[in-house]
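The values are calculated or read from the model by the stated rules, or taken from the named source; none is laboratory data. Only a predicted model underlies this, so the values are computations on that prediction, with no experimental measurement involved. Here the Cβ positions follow ideal geometry from the backbone for every residue, glycine too, while neighbour counts run over all protein chains shown.
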Amino acid sequence: MQHIRKPDWTFFSNHTHVLVCLAKNPDAPLRMVAQTIGLTERAVQRLVADLEMAGVLERSKVGRQNQYKLNFDAPLRHPLEMPRTIGEILAPLIGSSRGISP
């Protein structure tokens with residue numbers, strides 16, 4: 001019987017993993033997001049900064065904690081994926097119909 005090696009890559013990027021976590025729980029501390037994804041908190045902070053600069057998410061302060069609001073209408077950036085939106089990609093991953101065009 002041949003042993004099948006588990007791939008060391010995933011279909012989605014770490015940016016997408018952050019978006020999935022924050023779409024499911026917009027109040028999640030980045031420490032928890034990092035643990036869920038398997039990255040350092042510092043790496044997740046950089047990914048969130050990238051996503052903020054791209055207009056994909058907004059960070060706001062609620063008390064002492066950050067809250068994240070995703071822009072589900074933000075278009076995907078690669079020409080092969082245009083004109084799809086972030087919401088269309090995230091909807092099946094988060095169990096929502098958000099962002100799905102009719």
What residue, of Leu47, Leu22, is among the aliphatic types (A, V, I, L, M) and either assigned to a loop (DSSP other than H, G, I, E, B) or in contact (Cβ under 8 Å) with a residue 40 or more places away in the chain (or both)?
Leu22
If we keep just the residues of region 55-82 that are loosely packed, with under 14 Cβ neighbours inside 10 Å and among the hydrophobic types (A, V, I, L, M, F, W, C), which is farthest from Asn14 (Cα to Cα)?
Val62
Exactly one of (1) in contact with a helix residue (DSSP H, G or I) (Cβ under 8 Å, 6 or more places away or on another chain); (2) of a type outside the set (Phe, Trp, Tyr); (3) in a helix (DSSP H, G or I) is unmet by Ala28. Its number?
(3)
Flagged in region 1-54 as of a type in the set (Gly, Ala, Ser), closer than 19 Å to Glu88 by Cα and loosely packed, with under 13 Cβ neighbours inside 10 Å, in numbering order, are Ser13
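Among the residues of region 85-96, is any closer than 19 Å to Phe11 by Cα, in a loop (DSSP other than H, G, I, E, B), in contact with a strand residue (DSSP E or B) (Cβ under 9 Å, 6 or more places away or on another chain) and at pLDDT below 95? Explain how you work it out, then say what you get.
Of region 85-96, the ones closer than 19 Å to Phe11 by Cα are 85-95.
Now restrict to residues that are in a loop (DSSP other than H, G, I, E, B): 95.
Now narrow it down to the ones that are in contact with a strand residue (DSSP E or B) (Cβ under 9 Å, 6 or more places away or on another chain): none.
Within region 85-96 (the criterion being closer than 19 Å to Phe11 by Cα, in a loop (DSSP other than H, G, I, E, B), in contact with a strand residue (DSSP E or B) (Cβ under 9 Å, 6 or more places away or on another chain) and at pLDDT below 95), the answer is no, since none of the residues qualifies.
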